[in-house]
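Comments concern the structure below.
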Amino acid sequence: MAWYKKTFGKEYLRIYNNRDEAAAAREVDFILGVLNPPRDAWILDLACGAGRHAFALAARGYNNVVGFDLSEELLEVACKKARRENSSALFIRGDMRHLPFRTGFDAVLSMFTSFGYFEDDDQNAAVLKGISRALKRGGAFVIDLPNIRHVKANLVAESVGQHERGRLIQRRRFGKDNRRVEKQIIIQAAGHGEVLHEFTESVRLYSLEEITALLQSAGLRGDRCCGDFNGGEFGASSPRMIIFGRKADED
């Protein structure tokens, strides 16, 4: 079974609990400042997980927000929260390689390294083509990716931390063609060290030149690239590669 079909569950939320609502709110505020969509814009939060960014958008008065994800567990969390808080955010389950939308969205967000999951580059490219199809003419997008140069310079092979159930061990390495970063995550019980949970992540990393070429092939154009969510200039030491752009004009 592909890693992304096993990894994204409720345990994932506990491991990445630093990626919380406050962080999502800051990121959304920055994105809205760049894109400046009207309040009636239709916005797609692609690979939305438990909906952090979708809820942040809805809380700012954007009532036409759709979250799309493959994980039943994470979408269950999102839907329960939407009902509990009477949020306008809508959540749909599906595979991002096969987006069912056609020219319905004013903006698409792909946050927190939600691109590059697939071993085959053509499948990753299919995600961008789906984004292009989903966007209205002139629609905007933002894709939040790791900066491959920063990752290569700062990769920590192993780290050990605390988890509410014991120890959290994370092992990282570069895989296929030195272009994929792979992570093994192990949760051990306190005391006797029994492995309670283990899963992996494997993400294809792209240079700015590579992702720009893929965007162009999908009918998208990049207009701006930031190195962080403070709007910092993108460079070799930037932690992120946050690309803003538009659907290219059609002939």
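Quick note: the coordinates plus some simple rules give every number you see, no bench work behind them. Just so it is clear, the model here is predicted, and its values are computed rather than measured. Methodologically, a virtual Cβ is constructed for each residue, glycine included, from the backbone with ideal geometry; neighbour enumeration extends over all protein chains shown.
When the listed pairs LYS81/LYS129; LYS176/LYS247; LYS81/LYS152; LYS80/LYS136; LYS81/LYS247; LYS6/LYS80 are checked against a 28 Å cut-off, the alpha-carbon distance exceeds it for LYS81/LYS129; LYS176/LYS247; LYS81/LYS152; LYS80/LYS136; LYS81/LYS247. Counting beta carbons within 10 Å around each of VAL160, VAL28 and listing the fewest first gives the order VAL160, VAL28. In this structure, GLU85 and PHE244 have a Cβ-Cβ separation that, at R0 = 25 Å, corresponds to a calculated FRET efficiency of about 0.30. Rounded to the nearest 500, the 222 nm mean residue ellipticity of the chain from helices alone is -9000 deg cm²/dmol, with -39,500 (n - 2.57) taken per DSSP H run of at least 4 residues. Taking θ as phi - 60° and the Karplus parameters 6.51, -1.76 and 1.60, the scalar couplings of the stretch 216-229 work out to 4, 5, 8, x, 10, 10, x, 10, 8, 10, 10, x, 6, 8 Hz in sequence order, x denoting glycine and proline. Given a Förster distance of 22 angstrom, what is the FRET efficiency for GLU73 paired with GLU198, based on the Cβ-Cβ distance and rounded to 0.05? That pair, GLU73 with GLU198, gives E of 0.85. Maximal additional length on extending the LYS6-VAL156 stretch stands at 51.6 nm, based on 0.36 nm per residue less the C-alpha distance. Model label points for LYS176 and ASP228, set 7 angstrom from Cα along the Cα-to-Cβ axis, are 3.3 nm apart. Counting neighbouring Cβ atoms within 10 Å and putting the fewest first, the residues LYS5, LYS81 line up as LYS5, LYS81.
Shown for GLU21, GLU158, GLU27: other C-beta atoms within 10 Å of each C-beta, ranked fewest to most, produce the order GLU158, GLU21, GLU27.
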